[in-house]
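Each remark here refers to the structure printed beneath this line.
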Amino acid sequence: MSLFPAYIEDEEILEELQEAEIPKEFGIDFTTGQLTGKIVEGVEAVKVWCYLALRVARYRFFICSWDYGNEIEDLYGQGFSAEHIESEAARMIRECLLENDYIEDVDVSDIEYKKGRLRAVVTIETIYGDRESDTYETEVD
């Protein structure tokens, strides 16, 4: 069942209805990865969405849409050079985060792949005009 009536065909009305939504997520303590027990809205909800999307492998879990998550782990163990992994990971991070309608731009900088560890500084620009930056790190097990 959709949130919006199926009979609305006017694109402008649909866009206005969708823009009126304020994103809400369960709050997460980003240092521990544990739920905080609070519900966050707006930019904080977008940050939670990004945090989770960058930690979920795309196509692995049936409960997640195929548009959700990233494919970075597919690069590991393939014999690619560090430069190739860095450039592809930057592209994949960008594609992953731009799936969110509340994110307008993604900048991936200072990306480094060394000894099985990928580190990148990810900056997002939201529809709220805020720029949020965080470090994304992963390690191959």
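Miscellaneous remarks
- Entirely in the stretch 99-141, the strands (runs of 3 or more DSSP E) that have 1 or more residues that are at pLDDT 90 or above: 103-114, 117-126
- Counting only residues that are more than 13 Å from Cys96 (Cα to Cα), open to solvent by less than 80 Å² (accessible area, probe 1.4 Å) and polar (S, T, N, Q), the stretch 42-83 holds 1 of them.
- Any hit, the stretch 107-120, residues being touching a Ser or Thr at 6+ places or on another chain (Cβ under 9 Å), open to solvent by 30 Å² or more (accessible area, probe 1.4 Å) and within 26 Å of Ile22 (Cα to Cα): yes
- All conditions but one from (1) surrounded by 14 or more Cβ atoms within 10 Å (Cβ to Cβ); (2) among the basic types (Lys, Arg); (3) touching an Asp or Glu at 6+ places or on another chain (Cβ under 6 Å) apply to Arg131; the one that does not is (1).
- When the stretch 21-39 is filtered for residues that are within 17 Å of Tyr128 (Cβ to Cβ) and modelled with pLDDT under 85, the ones remaining, listed by number, are Glu21, Ile22, Pro23.
- Every condition in (1) under 22 Å from Lys24 (Cα atoms); (2) among the polar types (S, T, N, Q); (3) more than 17 Å from the chain's Cα centre (by Cα) holds for Asn70 except the one numbered (3).
- As a summary of the residue check, Lys38 satisfies the conditions (1) in a strand (DSSP E or B); (2) surrounded by 14 or more Cβ atoms within 10 Å (Cβ to Cβ); (3) basic (Lys, Arg) except for the one numbered (2).
The values are calculated or read from the model by the stated rules, or taken from the named source; none is laboratory data. A quick note: this is a predicted structure, and the numbers were derived from the prediction, not measured. Here the Cβ is made from the backbone with ideal geometry for all residues, glycine too, and neighbour counts use every protein chain on show. Areas reflect the complete protein model, heavy atoms only, side chains present, ligands, DNA and RNA absent. Shrake-Rupley method; radii C 1.70, N 1.55, O 1.52, S 1.80 Å.
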